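Below is one structure, written out as structure tokens, with a few remarks after it.
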Amino acid sequence: MKVLLVNHGRAGEWGGGDGVQIRETAKRLNQRGHEVTLVNSDRPEARGYDIVHLFNCRIQDSFEQQMASCKTAQVPVVVSPIWVSIGRALWGSRASVGILQQALESGDDSIQPLLQQLKQRTLAVQLADGSIVQSHGGSDNGQTAMPRLGELLHQSQGLLPNSWLELQAVRTDHHWTGSNFEIAHYGVDPQLFLDADPKPFQNQTGIQQPFVLQAGRIEPAKNQAMLCWALKDTNLPVVLIGGKQHWPSYADLCKSILGDRLTIMEHLPQDLLASAYAAAAVHVLPSWMETCGLVTLEAALSGTPVVGSTFGHELEYLQQDAWHADPADPSTIRDAVIQAWQAGRHNPRSCRLKRRILEQFNWEQTTDATESIYKKVLNGTA
């Protein structure tokens, strides 16, 4: 089978879990004898392929151009949406940044009413264009901002969501009514991450003491500033791995909150990232938008206790074998981090999660689901 895997044109500079997923999918499809090409392009040349597989529909202009190219080439399309409900993520990330900036300017007491409204999902946020975004209890779906996404998804021949919760979000937010799908959970490579060695990271960085880690792009959607705010009255050191280049002012906000207790690093090679997970006492991702943070699964496989977000779809992966925090509530973030820290690396929750990742969340099973949907499409059983 000749397959074209396509991520959006900006994927190369952004990085992220979708980039890992597309590379691992290409690698394993090639190992199974398929002829696979991988590109980051908004206008892929699709002629001559049996099937085109598009990743990440959240950038609507890119996705629309990709679908148009496939339609012109008359090649069937499978989509990995990597979808989360954009509206509430936009609301939460913008609101939290504004609140924390005000705290630095006017003091902690000035933001207590705003934090309460944030926790209760009643805070209205004005965007730069003057429009007002409200959470309405977290029911925003972003359909107003992406009115054509549902129509475009219906033009595909099949979907590959990363979880049942993601499929539910696509159906709810974009009224997708199709029946041709497979669930392709994220995978983790045990050769890289299972019981990784902390020493390479410790030796290279000089960081010998335990710390709280968050890996991922430093940006409001990942909510690092709220993590820093939640931990500012503790003595816990924090390391952010992800670099400042995407949002320098946001990284500066994090530094202003936590000062010298915060270390910011650029993206690390995979082997050194695995070592960083192993060196950390806790990995925490209190994000406003995650299908499931791949970094959370990688950290868990290294044996590190993890804290996930109650937003997004991580609960399907982590279940009760991790700690969970509301990204809108710094007190729940602080409590979850402290509980995970105190539980230590060999606690029962983390051991159960590590076993389940090995059994259920690996790239071979992801590739099985991928091949299955391709065959359904090409055999006309979609």
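Only the coordinates and a few stated rules stand behind these numbers; no lab work does. Here the structure is a predicted model, which means the values were calculated and not measured. When we count neighbours, we look across all protein chains shown, and the Cβ atoms used for this are built from the backbone with ideal geometry, even at glycine.
State whether the range 138-241 is rounded, prolate or oblate according to the following rule on the C-alpha gyration tensor (a ≥ b ≥ c being the square roots of its eigenvalues): a/c under 1.5 gives rounded; otherwise a/b larger than b/c gives prolate, and the remaining case gives oblate. Judged from the Cα gyration tensor, the range 138-241 comes out oblate (a/c at least 1.5, b/c at or above a/b).
In the chain, a dipole from Cβ-located charges (positive for Lys and Arg, negative for Asp and Glu) runs towards its positive end, and of Pro210, Ala26, Pro113 it is Ala26 whose Cα lies farthest in that direction.
Can you pull the percent of Cα pairs in the range 181-283 with separation above 18 Å? Kindly include the intermediate steps, with their values, before the conclusion.
Values: 2598 of 5253 pairs.
That fraction is 49 percent.
Annotation: amide H-H contacts under 5 Å for Val239 (H modelled 1.01 Å from N, sequence separation of 5 or more, or interchain): Val212, Leu213, Gln214, Thr263. In the chain, the calculated helix contribution to ellipticity at 222 nm averages -13500 deg cm²/dmol per residue, counting -39,500 (n - 2.57) for every DSSP H run with n ≥ 4.
Which Cα, out of His324, Leu353, Leu378, lies furthest along the positive dipole direction of the range 315-382 (beta carbon charges, K/R +1, D/E -1)? About the Cα centre, the residue reaching furthest to the positive side is Leu353. Relative to the longest principal axis of the Cα atoms of the chain, the long axis of helix 86-106 lies at roughly 20 degrees. Relative to the longest principal axis of the Cα atoms of the chain, helix 17-31 runs at roughly 40 degrees. Computed 3J(HN,Hα) for the range 230-235, one whole-Hz value per residue from the Karplus formula 6.51 cos²θ - 1.76 cosθ + 1.60 where θ = phi - 60°, is 4, 9, 5, 9, 9, 10, glycine and proline marked x. In order along the range 167-183, phi translates into HN-Hα couplings of 4, 4, 5, 5, 5, 6, 7, 10, 6, 6, 10, x, 10, 9, 8, 9, 8 Hz, rounded to whole numbers, per the Karplus curve 6.51 cos²θ - 1.76 cosθ + 1.60 with θ = phi - 60° and x for Gly and Pro. Counting only Cβ charges, +1 for Lys and Arg and -1 for Asp and Glu, the dipole size of the range 190-360 around its Cα centre is about 260 debye. For the chain, what does the alpha-carbon gyration tensor say about shape, rounded, prolate or oblate, given a ≥ b ≥ c as the root eigenvalues, a/c under 1.5 as rounded, and a/b over b/c as prolate? The shape class here is oblate.
Amide H contacts for Trp176 (H built 1.01 Å from N in the peptide plane; partners 5 or more residues away or on another chain; cut-off under 5 Å): Arg171. With only the Cα atoms considered, the range 190-360 has a convex hull volume of 98 Å³ per residue. Using only side-chain charges placed at the Cβ, +1 for Lys and Arg and -1 for Asp and Glu, the dipole size of the chain relative to its Cα centre rounds to 340 debye.
Counted over the chain, the DSSP beta bridges are approximately 10% antiparallel. If you sort the three axes of the alpha carbon gyration tensor as a ≥ b ≥ c, you get a/c of 1.5 or more for the range 1-84 and a/b no higher than b/c, which makes it oblate.
Residues whose amide H lies under 5 Å from that of His324, counting only those 5 or more places away or on a different chain, are Gly308; hydrogens are built 1.01 Å from N in the peptide plane. Ranking Leu272, Phe193, Trp247 by how far each Cα lies toward the positive end of the dipole of the chain (charges on Cβ) leaves Phe193 at the top.
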